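We did not get these values from a lab; they are worked out from the coordinates using the rules stated. Computed from a predicted model, the values in this text were never measured in an experiment. Heads up, the Cβs are rebuilt from the backbone with ideal geometry, glycines too, and the neighbour counts pull from every protein chain shown.
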Amino acid sequence: MGTANTYVFVRNEKVIAFYSLSAHRIQSRELPTSLAHGSPHAVPAYLIGKLAVTKSEQGKSVGQTMLTDAFLRICRATDSGPGARFIAVDAIDDNAIKFYKQEKFHSSPFNPHHMFIKMSTARKIVTRG
């Protein structure tokens with residue numbers, strides 16, 4: 001339908017990880033107070049959807065690599081097109097919440113599975129290396 005782009009990591013002709021990116025909008029009331037300061041009611045964002053790594057590759061930094069790749073793509077998109085203030089994810093389970101928290105995401109006060117990171121934080125992550 002043209003609403004998302006999907007990126008796939010293949011090794012030895014096998015898919016080992018993937019994620020999708022799409023435009024998104026966050027209601028400022030969904031954000032933790034620490035992130036919502038100065039936000040309009042509806043905040044432009046990007047959504048990282050369905051970031052997944054095969055079980056055999058979990059714990060080998062593939063998830064972090066895919067997340068960094070997503071951050072890079074989003075930063076490039078905001079450099080040449082519409083900007084966004086946040087990146088959002090919907091963590092599938094408690095392990096995913098733990099992963100995203102380690103990567104500097106914050107949970108919504110209403111649903112811990114809805115998580116957010118500021119664009120400025122993502123940009124710092126990809127430019128420090």
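Taking only DSSP H segments of four or more residues, each worth -39500 (n - 2.57), what value at 222 nm results for the chain once the sum is divided by all its residues, to the nearest 500 deg cm²/dmol? Walk me through the numbers on the way to the answer.
Details: 4 runs with 41 residues, N = 129.
The helix-only estimate for the chain comes to -9500 deg cm²/dmol at 222 nm.
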Cα shape, region 13-113, gyration tensor, a/c 1.5 rule: oblate
Dipole magnitude of region 1-60 about its Cα centre (Cβ charges: Lys, Arg +1; Asp, Glu -1), debye to nearest 20: 120
16 Å Cα-Cα reach of Lys118 towards lysines, excluding residues that sit fewer than 8 places from it in its own chain: Lys101, Lys104
Nearest-20 debye value, the chain charge dipole, Cβ charges on Lys, Arg, Asp, Glu: 300
Residue among Gly81, Ile26, Val53 farthest towards the positive dipole end of the chain, charges placed on Cβ: Gly81
Using alpha-carbon coordinates, inclination of helix 62-80 to the longest axis of the chain, degrees: 50
Mean separation of Cα contacts under 8 Å (6+ apart) over length of region 14-91, as relative contact order %: 38
Rounded if a/c under 1.5, otherwise prolate or oblate - region 3-44, Cα gyration tensor axes: prolate
Residues Leu31, Leu72, sorted so that the one with the fewest Cβ neighbours within 10 Å comes first: Leu72, Leu31
Choice from Ser22, Ser34, Ser107 with maximal GNM fluctuation in the chain (Cα, 10 Å cutoff): Ser34
Neighbour net charge for Thr6 - beta-carbon separation under 13 angstrom, K R +1, D E -1: +1
